[in-house]
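Down below is the structure, laid out as structure tokens.
Please treat every number below as a calculation from the coordinates, not as lab data. The shown structure was predicted, so the numbers you read here are calculated from the model rather than taken from an experiment. Neighbour counts are summed over all protein chains in view; Cβ atoms, including those assigned to glycine, are modelled from backbone coordinates with ideal geometry.
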Amino acid sequence: MLHFPVSTPTLNTIEEEPGTPVPKVILDVPGPSRTNEIKGNIQDIGEAGSLHKYLISLHRQYGPIASFWYGDTQVVSVADPDIFQQQMHMFDKPIEFNSAYMPLLGDESIVYAKNARDRRQAYDRCFTTDRIDIYCPIFQEAAGELVRKWREKTEGEQIHLNTDMATFSLKVILDTFFGDHFEQEEVVAAFERAYNVCWCEMESRIVEDAPPRGSDRHTKFEEAITTMKNIIKSAAMTRELTLMEGSEELLIDVMIEQSPNEEHLFADSLTYAVGGYHTIANLLTWCFYYLAAHPEVQERVVREMMTVLGEAGSVSSQNVKKLEYLMQVIQETMRCAVISPWASRYDRQDGKLGVYYIPKHTPIIQALGVVLQDENYWPDPQRFDPDRFNTATAATRPAFAFQPFGFAGDRKCPFDLFTYVETTECLLSVLRQFELQLVPGQDVHRVYGLVTHPSQNIKITLKQR
Ligand code: HEM
């Protein structure tokens, strides 16, 4: 049995409960009428192929602030850097767009919990700038394993990027969050299998109904959740048994401290694992893809690495900032691939966005990805060009035109620095050893879900440097 603290964590003083019903009809924000009385425009979102694609056409037609119907709730979507800035005070997330996660994460997840602010602050102390360096040896070990695996390939043998990046990313997340329990490969593999079942299910539920109880799909989903919870429970128990005085505090330690019961612990452990796994796996996949497709960019990254780090230097939270061009490559990859297409909020007060009055509790989509592809800020937006992020060019854009990690209410993604350091370590470890080449004839498209992934497993080959 896990030992939870006897005191319950403090609740925020909240005057209005999240999930309070929103008004059924709002104002004059332009947008389509609902195509179905009960489902609103959900079918249109499904037909567009994803919420992101729906938002692109919505904003193209109705402008930077537009509305649509998600079921019987009217939603406002914003795709404008200046109007983003007007939302800086908003902390709470609406249930509508996060309910797809609920069957997996449970009712207690930090994503929609009442005491989210306290928990966010507690967890954030594991990911401050000086704490990131504690995780660097984990990034190095995982990158070393990847390089060893790739060294065994014969010249010309194809690498399946998505698969190898998923393995890399999961290993890092589990080791940094939970400690030693995930040393055994079969535990990681069992977690990965169960996770993939759940992830597909959640992505489907943004654009279509959940499968009926008792159906094969539903049963598989429930089984996968149980598997993951059992693994997390064992990881927490292992951690409690092996924790010694003076050990570095890990996320799991803070979660145990903050959780009044097991469900709470499962909810936040899964929330953080979900947050970190596919995002970095896909970011790395897209980075390697663009580097392989642009040999001149690849060579410039290698030259910069040799100047800043020399033959064998490793990455830290400090020297990562000196690798300016590589940072530009990672940023341009996040922009081009639209890794995380949207965030969401509601305000506890009535207010204004742009010229429109917005009643409190109205769900608001922050269409981050629409802005990342807006040609007003990114000429020829489909073209991959890391020089868009050099200091001079970046200064010509509004700051809120590039917000891949969200921005509002002290609740943007807590992992921006973690992401840059982990990604840099992986890319440089590989580039130090190999020249990357794209296997010709691949027709790669972006598939926009909760995280954007390529339409197929991208294939590259390696040449020893
Ligand atoms: C490519 C890298 C990543 C991108 C583009 C990304 C993007 C985002 C975005 C857009 C949000 C919503 C922010 C908001 O609502 O304002 C978010 C939240 C979150 N992300 Fe990330 N993320 C990345 C990496 C990570 C990693 C590595 C982790 C964990 C290790 C993580 C964990 C989380 C968590 C837990 C939240 C929810 C925070 C809360 O609700 O308080 N993310 N992320």
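Worth a mention:
- Cα-centred dipole magnitude for the chain, charges only on beta-carbon of K, R (+1) and D, E (-1), debye, nearest 20: 820 debye
- Residues Met306 and Leu417, FRET efficiency given R0 of 30 Å [Cβ-Cβ distance, rounded to 0.05]: 0.80
- Reduced Cα scattering model of the chain, Debye log10 I(q)/I(0), q = 0.12 Å⁻¹: -1.14
- About the centre of its Cα atoms, the stretch 378-451 shows a dipole size close to 220 debye [charges on the beta carbon of Lys, Arg (+1) and Asp, Glu (-1) only; nearest 20 debye].
- When the stretch 310-465 is described by a simple charge dipole with +1 on each Lys and Arg Cβ and -1 on each Asp and Glu Cβ, the residue from Thr461, Phe405, Cys336 located farthest towards its positive end is Phe405.
- Other-chain or far-sequence residues with amide H under 5 Å of Val447's (modelled H): His453, Ser455
- Multiplying the residue separation of Phe91 and Asp107 by 0.36 nm and removing their Cα-Cα distance gives an extension gain of 3.9 nm.
- Reachable lysines from Lys153, criterion Cα separation under 22 angstrom, eight or more residues apart if same chain: Lys171, Lys459, Lys463
- Net length available on complete extension from Arg60 to Arg383 is 114.3 nm, with 0.36 nm assigned per residue and the Cα-Cα distance removed.
- Karplus-derived 3J(HN,Hα), 6.51/-1.76/1.60, for each residue of the stretch 259-268, Hz, glycine and proline x: 9, x, 7, 5, 4, 4, 5, 4, 4, 6
- When you work out D = kT/(6 pi eta Rh) for the stretch 202-359 at 10 °C and 1.306 mPa s, using the Kirkwood radius from C-alpha pairs as Rh and the Stokes-Einstein form, the result is 77 µm²/s.
- Estimated FRET transfer efficiency (Arg213, Ser247; beta-carbon r; R0 51 Å; 0.05): 0.75
- Cβ-based exposure ranking for Val147, Val78, Val207, Val29, in which fewest neighbours within 10 Å come first: Val147, Val207, Val29, Val78
- Selection from Gln158, Thr238, Pro103, by position along the positive dipole direction of the chain (Cβ): Gln158
- With q set to 0.19, 0.23, 0.24 Å⁻¹, the log10 of I(q)/I(0) for the stretch 233-318, from the Debye formula over equal scatterers at the Cα positions, is -0.92, -1.12, -1.17.
- Ignoring lysines fewer than eight residues from Lys220 along the same chain, the ones with Cα atoms less than 21 angstrom from its Cα are Lys229, Lys233.
- Positive-end residue of Phe91, Gln258, Met306, charge dipole of the stretch 42-464 with Cβ unit charges: Phe91
- Between Tyr357 and Glu240, the C-beta separation translates, for a Förster distance of 41 Å, into a calculated FRET efficiency of about 0.20.
- Protection proxy ranking of 89-99, 304-314, by the mean of other Cβ atoms within 10 Å over each peptide's residues and highest first, is 89-99, 304-314.
- Distance between the C-alpha centres of the stretch 383-448 and the stretch 94-152: 18 Å, rounded to the whole angstrom.
- Loop-resident trypsin sites (Lys or Arg not before Pro) (DSSP state other than H, G, I, E or B) in the stretch 276-382 with no more than 14 further Cβ atoms inside 10 Å of their Cβ: Lys360.
- Under the combined filter of DSSP loop state and at most 16 neighbouring Cβ atoms within 10 Å, the stretch 163-225 retains these GluC sites (Glu not before Pro): Glu208.
- Inter-label distance for Arg193 and Thr391, nm, one decimal - labels placed 7 Å from Cα along Cα-to-Cβ: 5.3 nm
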